[in-house]
Every structure is written in C-alpha cells, then in structure tokens.
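Asks: Just dropping this structure here.
Values in this text are rule-based calculations from the coordinates and carry no lab data. These numbers were taken from a predicted model, which means no experiment stands behind them. Here the Cβ positions follow ideal geometry from the backbone for every residue, glycine too, while neighbour counts run over all protein chains shown.
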Amino acid sequence: MNNDTDYIYDLENEQRETLLRLLDKLKPFPNMDYFVLQKIWQRRFFPMITIELLLFDRPYDCSNAKVLLVKRDDEYFKNCWTLTGKFLAPNQQISEALLSIAQKECGVSEVCSPLFVGQFSHYNMQRLHTFSSVFIAYAPSLAIIAEKQYQLFELSNTPESLIDTQKFILTKVRDYIHSLSTNKMAPISKFFECSALI
C-alpha cells in the first residue's frame, strides 16, 4: 500500500492543464478506458460504489428459498461465483441500478418485496476499495432461468469458489433473514456494520 507521502499533490501548471485536457476525453465511469480505471483503483483515489441485488426464487424468509448467483470468468475473477450486481454509474439512481440488475443482468421483469439490508466497506480486495449497498428481493420468474452462468443456491450451501467478500455478505444476509423468520428483528447495524476485509 502506498503512503500519503508517495502521492504527488502539486502539479506544475503545464502538467495540470495536460491532465485536465486528457480527463475531458474520458468516458464517464463505468465505461472509462480500462487502463485508466485500473490506475485509479491502484492509487485508491476514491472508493467505488456497487449495488448488490440478491434475488431469491421465493419469499426470502422461506426456509427453502434459493439465491441467484452468477459465474464470472474475467481478469479479476477467474471461474468464480458472485452476487448479481453492478457499479453505480454517474447520475444513476439506486432504484435505476436495481432495475437494471434485475432486467438486464438477470432477465426478470417482476421483483417483489425489495428490502435494503445494509452497506459494506471492502478494503484491500482485488479492486481495492468498494462500498457495497446490499438489497434482497423475491423474483418469481427466477425459476425459469436456464443460462449456464446462472444458478440457484441455498444460502447454507453456496459454492466454495464464491468471492470471499461476498461470502461475508451472504453470511450476514442469512443472519438477517433468520431474524425476519423468527420475528426477532435486530437493529440493522448489528448485522451490517461496515467491515474491512483484509
């Protein structure tokens, strides 16, 4: 990890003007040039915000409810399972991001009983620092999803190759849903306080 003293705080006027001209040419996140985005992640200029939507095939307080996971195979996560979600784009409302996840990523048109369950701070992961806002919902049409990269899992039997930070999220979600089913609602902060995963 770089120390604050490693960063350049004072640019020469010509350097600053060049940088500003180049920034004007960049597409907004998340469509930014990949190599520029990678450098931003590496230097930890600011945390990224992700929206995670855990979609269940039946009401999530049912004992046999299953959650939808997607298999990823990219340069960050090789052959790993992950939650369905996306980065929050500039000027995008959270409700718009949730709708995009459900419709574009998961192919479902109807989502029932969406519930915000907390926010997590993941630090020192592969993409360095992200804030994840986590929602759960019930989507009846999940039962007909047949794409190879998607699969339904019981919360108590998720794959070993699930990304570590999301294992932590699922554990907390499982505890939270258990509190719903037993009518022993506890403060959200007890389950979803920000956690640094090193």
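Asks: Please tell me which of these pairs span more than 20 angstrom C-alpha to C-alpha: Lys27/Lys86; Lys66/Lys172; Lys71/Lys104; Lys104/Lys167; Lys86/Lys167?
Replies: As for pairs spanning more than 20 Å Cα to Cα, those are Lys104/Lys167.
Asks: As a footprinting exposure proxy, order Phe35, Phe116 by other Cβ within 10 Å, with the fewest listed first. Numbers along the way, then the final one.
Replies: Working: Phe35 8, Phe116 13.
Least crowded to most crowded, the residues run Phe35, Phe116.
Asks: For every other residue with a beta carbon closer than 15 angstrom to the beta carbon of Phe56, add +1 if it is Lys or Arg and -1 if Asp or Glu, then tell me the sum. Intermediate results must be reported in sequence, preceding the final value.
Replies: Numbers: positive: Arg58, Lys66, Arg174; negative: Glu52, Asp57, Asp61, Glu110, Glu154.
Every neighbour counted, the sum reads -2.
Asks: Can you list residues whose amide H is under 5 Å from Val108's amide H, if they're 5+ apart or on another chain and H is modeled 1.01 Å from N?
Replies: It is Gln103, by chain and number.
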